[in-house]
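**Student:** Here you go, one structure.
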Amino acid sequence: MANSVVFKRHKFWNAFYRPVVTLISIFRGHKIGKKLKVRKGEQYIILSNHQTDMDGILFGLAYSGTYYGVTSDSFFSKGWQAKMFEHQLGIIAKKKGVLDIAANMKMMRCIKEGGSLLLYPEGNRTYAEFQFPFTEGFGKFVRHFNLPVAIFNVVGGTGCFPRFAGKKRKGPHYTTLKRVIKPEEYANWSDEEFEQVMKDELRVFDSELGYKYKSKAKAEYLERMFFVCPKCGKVQTLSSKGDHFTCSNCGLDVEYTEDLHLLSKDPEFKFSRLIDWYNYQIRFVKNYELSDEPIFKDKNVTLYISNVGQKRQVISVGDLIMYKDKLVFGDKVFNVSDIEIASPISGTKFNFSTPDQNYLVVGDERFNPLKYVLMLHKVESKMKINNSDIYYKLEERN
């Protein structure tokens, strides 16, 4: 059928890639904890937290059956590779941060045709360990299928492969089955109760586990996430080297330790975890006084047109400047009032969409994409007005 999602080839390619994934896991030091052995004809809604870019691939070693992953549609602007994996593995593209009816219909067809779905309820990879809010109505969506819900935990990803980092750190990193919730178990739960159980079972804070993650550059590239100094309040004055993160304006020096905590001899520095600093930045952006002056500026930035199913096209290379009412890429100007959605991708990229086009912004190795996305929730963007991306709303996390 033209609209089918599940095909026999997906089972073949899933089995074909499993030895390759095993080699990748060995190379990356990834271990497998408790596995879920899937019997013929069994279906699951599979849920996992999201710590690294490889979660969806390495997960396949903990789940013996064929599964259909849901990923950001930005993946499908990577040309033939994305199309190949879509054809071979049946990956489902979903628009980030908004209700995607087409993707939801594919998910429902997948279940109807006997497939199992792998979903990341937070919809985004962890920045500072906190849980992103679930999409509204997620609990109701999951229980609609009346299938067992298999919950997996990825542990150690923020220790070994933090989102801001450029290199791997040595330490525990594994995927394990946390719990299977059967339909008869959640039948009498409210949607809110069901969702809370899922949140509790998916919550993983590596900094609370006491593991050690060794590296000669533990703080390297923290400026991809942090852009405001909590001591002097200056923007884009922070830089990393080795285990330390410093401010060129006030001299603040912070060490990022093996147990994933922040340490400083400066009595004015009060944060102990990445999430504390992240929350400070949320407050900074919320209280930022807008004027006609530039808010942020970065050099050596490349702007691409990045539409699903099309090869990316470079349209600007040079400075990126953000004002309260526009983003300027050289001679390309975008009114923030037209921006419908924006999300960070990987360490040094973010995408944004206008009514007629999708774009990808790629900076240099120390570029911070997060600050632009957060500030787009402050200025009068269409994204802010429509409340279309809840993941980076200006709310503190815990």
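The values are calculated or read from the model by the stated rules, or taken from the named source; none is laboratory data. Keep in mind that this is a model prediction, so the values were computed, not measured. Cβ sites come from the backbone with ideal geometry, for glycine too, and all protein chains shown count toward neighbours. Note: accessible area is taken over every heavy atom of the protein model, side chains too, but ligands, DNA and RNA are not part of it. Shrake-Rupley method; radii C 1.70, N 1.55, O 1.52, S 1.80 Å.
**Student:** Name the residue, out of Phe205, Phe132, Phe161, whose mean-square fluctuation peaks in a Gaussian network model built on the chain with Cα pairs under 10 Å.
**Tutor:** In the Gaussian network model the winner is Phe205.
**Student:** Here's a follow-up. Excluding same-chain residues fewer than 8 positions from Lys35, which lysines have a Cα within less than 24 Å of its Cα?
**Tutor:** Correct list for Lys35: Lys8, Lys11, Lys170, Lys178, Lys182, Lys199.
**Student:** Okay, next question. Taking the Cα centre of the chain as the origin, how large is its charge dipole in debye, to the nearest 20, when only Lys and Arg (+1) and Asp and Glu (-1) carry charge on their Cβ atoms?
**Tutor:** 1640
**Student:** Now a separate question. List the pairs from Lys234/Lys270; Lys140/Lys384; Lys140/Lys393; Lys212/Lys349 whose alpha-carbon separation is above 19 Å, in the order I gave them. Numbers along the way, then the final one.
**Tutor:** Numbers: Lys234/Lys270 17 Å; Lys140/Lys384 25 Å; Lys140/Lys393 23 Å; Lys212/Lys349 29 Å.
With Cα atoms farther than 19 Å apart: Lys140/Lys384; Lys140/Lys393; Lys212/Lys349.
**Student:** For the chain, modelled as a GNM with alpha-carbon contacts under 10 angstrom, which of Lys199, Lys35, Lys332 fluctuates the most?
**Tutor:** In the Gaussian network model the winner is Lys332.
**Student:** Further question: Would you give the gap between the C-alpha center of the stretch 117-174 and the C-alpha center of the stretch 325-369, rounded to a whole Å?
**Tutor:** 25
**Student:** Relative contact order for the chain: what is it in percent, counting Cα pairs under 8 Å that are at least 6 residues apart?
**Tutor:** Details: 812 pairs, mean separation 58.3, N = 398.
Once divided by the residue count of the chain, the mean separation gives 15 percent.
**Student:** Can you list, by residue number, the Cys in the chain that have no neighbouring cysteine C-beta under 4.7 Å?
**Tutor:** Cys110, Cys160
**Student:** Right, something else. If only Cα atoms are counted, what is the Rg of the chain, and what is its Dmax, in Å?
**Tutor:** 21.3, 66
**Student:** Using only Cα atoms, tell me the angle between helix 101-112 and the longest principal axis of the chain; keep it within 0 to 90° and round to the nearest 10.
**Tutor:** That works out to roughly 30 degrees.
**Student:** Can I ask one more? Please identify, among Ile101, Ile341, Ile92, the residue showing maximal mean-square fluctuation in a Gaussian network model of the chain using a 10 angstrom Cα cutoff.
**Tutor:** Maximum fluctuation in the GNM of the chain, among the listed residues, is at Ile101.
**Student:** Ignoring ligands, DNA and RNA, what percent of the accessible area of the chain is carbon or sulfur (1.4 Å)?
**Tutor:** Values: 9640 of 18760 Å².
It is 51 percent, rounded to a whole number.
**Student:** Where in the stretch 235-252 does the label zone of Asn287 land, with the point 7 angstrom along Cα→C-beta and an amide N cut-off under 16 Å?
**Tutor:** In the stretch 235-252, the label zone of Asn287 (backbone N under 16 Å from the point 7 Å along Cα→Cβ) covers 235.
**Student:** How high is the relative contact order of the stretch 167-275, given as a whole-number percent (alpha carbon pairs under 8 Å, six or more residues apart)? Please report the intermediate quantities before stating the final value.
**Tutor:** Details: 140 pairs, mean separation 22.1, N = 109.
Relative contact order of the stretch 167-275: 20 percent.
**Student:** Using a probe radius of 1.4 Å on heavy atoms only, what accessible surface per residue do you get for the chain? Whole Å² is fine. Kindly include the intermediate steps, with their values, before the conclusion.
**Tutor:** Values: 18760 Å² over 398 residues.
Per-residue accessible area for the chain comes out at 47 Å².
**Student:** Any idea how far apart Glu365 and Ser272 come out in nm if each label point goes 7 Å out from Cα toward Cβ?
**Tutor:** Simple spin-label model gives 3.4 nm for this pair.
**Student:** Counting only protein chains, not ligands or nucleic acids, how are Trp189, Trp277 ordered by accessible area (probe 1.4 Å), most first?
**Tutor:** Per-residue accessible area, sorted high to low, gives Trp189, Trp277.
**Student:** Another question, then. Relative to the longest principal Cα axis of the chain, at what angle does helix 191-202 sit, 0 to 90 degrees, rounded to 10?
**Tutor:** 70
**Student:** Working out 0.36 nm times the residue gap between Lys35 and Asn387, then minus their Cα-Cα distance, what length gain in nm do you get to one decimal? List each step's numbers first, then the result.
**Tutor:** Values: separation 352, 0.36 × 352 = 126.72 nm, distance 3.84 nm.
Contour length minus Cα-Cα distance gives 122.9 nm.
**Student:** Have a look at the DSSP beta bridges in the chain and tell me what percent are antiparallel, nearest 5. Let's see the in-between values first.
**Tutor:** Working: 48 of 63 bridges.
Rounded to the nearest five, the antiparallel share is 75 percent.
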